[in-house]
Ligand code: PMP
């Protein structure tokens, strides 16, 4: 495919790991959905900046001023990357989980929340303070829109409402009809937040095009593993609510009152929810990744990913014992070979006769391949896909299936802009 980009340089390409069978092999990082390796470009940018590191919004010195400038420029870069509205705020957080918890903390008092049971726990669980409607798993993208519309209509009238939806599933890699869901939400006077943790690393995300109210993502899945995340979108709910964290940086003016108490005037900018000294390296690295992906061009990256997806799906289709997990019921490898993308490079599967954890451990020990096993912090979804009953188990983990029993967890292979063909070829060969 001439439009197909070369893999982008990432850290760790030459890392070797020992094999249980003896010798060593270069590590095949096929767990991008958990954390992607850093782009070399991000690492270089961070290394070039590191000697100039200084406090942000807290110093008169040259390096503090420089760090403050870089921090605020990074905010503008992220706003551009997400194609935000001019009035939107970009708040820097620790992660997607943190971003969605921040949004949950600023909901209006009477807010109703609508969320599909298929969501990652980060988008399923933070809404405890609101009245939450959990929507059943849809089996087609169109059904997702119908389900949401019906639920919104049934709950009207409400003072305010929020829909939370994931753009690309961290389990099936399937794309959700975000634009249609946003239109449905707005038609019913609700707002929508997009969990773009798995979407932003693979596809351009335009807040304006999709017409979503907020978007959240994590740096470490966007090739910038330095502990930062983003919540970007409408300023009004953010400005009206109490600060997410109380402290320095969020407050504009603090004074003792005559009655002995303390009066606080909080910022109305993004700083309101960024109390404490910010993670300038993490923020700078996110901006660097945004620039690197934009400069590389998503068109070529998407073409390359499509090529890798087809390789994996066609390879797995040749192994009768493998069952790929799919919510939207499209298991034909050809569909991802051309036309509009329907998925990102995240594929979960089970293998008949194998315990998924043992299978993943064997891929690591015998082939130097790093994948993930488990329920991927999306327990209800994975159970629906596996057809298994709820079990008591640890967060993100799963008990072992007894010999001959149906799998209670799955194996996930995921890849992206830095993945060479050799990694997916090795993976397919190992599964075979
Ligand atoms: N949403 C989705 C769809 C995810 O895949 C993840 C991470 N697996 C998260 C949210 C949470 O991201 P983080 O762990 O960086 O907070």
Selection within region 74-92 - within 18 Å of residue 192 (Cβ to Cβ) and either surrounded by fewer than 20 Cβ atoms within 10 Å (Cβ to Cβ) or within 13 Å of the ligand (Cβ to nearest atom) (or both): 83, 85, 87
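Could you tell me which of the residues 160, 95 is within 16 Å of the ligand (Cβ to nearest atom) and touching a strand residue (DSSP E or B) at 6+ places or on another chain (Cβ under 9 Å)? Full working, then the answer.
Values: 160 fails: within 16 Å of the ligand (Cβ to nearest atom).
One residue alone meets the criteria, 95.
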The one condition in (1) in a helix (DSSP H, G or I); (2) touching a strand residue (DSSP E or B) at 6+ places or on another chain (Cβ under 8 Å) that residue 362 fails to fulfil: (2)
Unique residue being farther than 22 Å from residue 104 by Cα and within 14 Å of the ligand (Cβ to nearest atom) when the list is 209, 174: 174
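Considering only region 17-54, state which residues are free of Cβ contacts under 8 Å to residues at least 12 places away in the same chain and part of a strand (DSSP E or B). Give the derivation first.
Just the residues of region 17-54 that are free of Cβ contacts under 8 Å to residues at least 12 places away in the same chain, to begin with: 18, 22-23, 44, 47-48, 51.
Matches in region 17-54: 18 only.
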Candidates 216, 224 - the one that is within 11 Å of the ligand (Cβ to nearest atom), in contact (Cβ under 8 Å) with a residue 60 or more places away in the chain, outside any helix (DSSP H, G or I) and surrounded by 23 or more Cβ atoms within 10 Å (Cβ to Cβ): 216
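For residue 24, state whether it is out of contact with any strand residue (DSSP E or B) (no Cβ under 6 Å at 6 or more places or on another chain) and either outside the structural domain of residue 173 (by TED's automatic domain parsing) or surrounded by fewer than 19 Cβ atoms within 10 Å (Cβ to Cβ) (or both). Lay out the reasoning, then the answer.
Values: out of contact with any strand residue (DSSP E or B) (no Cβ under 6 Å at 6 or more places or on another chain): no; either outside the structural domain of residue 173 (by TED's automatic domain parsing) or surrounded by fewer than 19 Cβ atoms within 10 Å (Cβ to Cβ) (or both): yes.
Here the answer is no, as residue 24 does not meet what is asked.
How many residues are part of a loop (DSSP other than H, G, I, E, B) and in contact (Cβ under 8 Å) with a residue 12 or more places away in the chain when one looks only at region 246-257? Don't jump to the end; show me each part of the working.
First, the residues of region 246-257 that are part of a loop (DSSP other than H, G, I, E, B): 246-250, 257.
If we keep only those that are in contact (Cβ under 8 Å) with a residue 12 or more places away in the chain as well, we get 246-250.
Of the residues in region 246-257, 5 are part of a loop (DSSP other than H, G, I, E, B) and in contact (Cβ under 8 Å) with a residue 12 or more places away in the chain.
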Options 260, 229; residue that is touching a residue at least 24 places away in the same chain (Cβ under 8 Å) and either crowded, with 21+ Cβ neighbours inside 10 Å or away from the ligand (no atom under 16 Å from the Cβ) (or both): 229
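Working carefully through the options 135, 199, 175, 181, find the one that is over 16 Å from residue 210 (Cα atoms) and either surrounded by 15 or more Cβ atoms within 10 Å (Cβ to Cβ) or at pLDDT 95 or above (or both). Even if it seems obvious, please write down each step before you answer.
Numbers: 199 fails: over 16 Å from residue 210 (Cα atoms); 175 fails: over 16 Å from residue 210 (Cα atoms); 181 fails: over 16 Å from residue 210 (Cα atoms).
Sole residue among the options that is over 16 Å from residue 210 (Cα atoms) and either surrounded by 15 or more Cβ atoms within 10 Å (Cβ to Cβ) or at pLDDT 95 or above (or both): 135.
Taking the options 152, 66, name whichever one is surrounded by 15 or more Cβ atoms within 10 Å (Cβ to Cβ) and touching a strand residue (DSSP E or B) at 6+ places or on another chain (Cβ under 8 Å). Steps first, answer last, please.
Values: 66 fails: touching a strand residue (DSSP E or B) at 6+ places or on another chain (Cβ under 8 Å).
Unique residue meeting the criteria: 152.
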Top-ranked residue in region 184-196 [being more than 18 Å from residue 36 (Cα to Cα) and within 12 Å of the ligand (Cβ to nearest atom); ranked as surrounded by the fewest Cβ atoms within 10 Å (Cβ to Cβ)]: 193
Matching residues in region 55-75 - criterion: being in contact (Cβ under 8 Å) with a residue 40 or more places away in the chain and over 16 Å from residue 274 (Cβ atoms): none
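Those residues that are under 19 Å from the mean Cα position of the chain (by Cα) and either more than 12 Å from the ligand (Cβ to nearest atom) or in contact (Cβ under 8 Å) with a residue 40 or more places away in the chain (or both), I need them from region 123-140; list them, please.
Kept after step one, since they are under 19 Å from the mean Cα position of the chain (by Cα), are these residues of region 123-140: 123-127.
The answer is 123, 124, 127.
The values are calculated or read from the model by the stated rules, or taken from the named source; none is laboratory data. All values reported here derive from a predicted model rather than from experimental measurement. Counting neighbours? That spans all protein chains shown, and the Cβs are built from the backbone with ideal geometry, glycine included.
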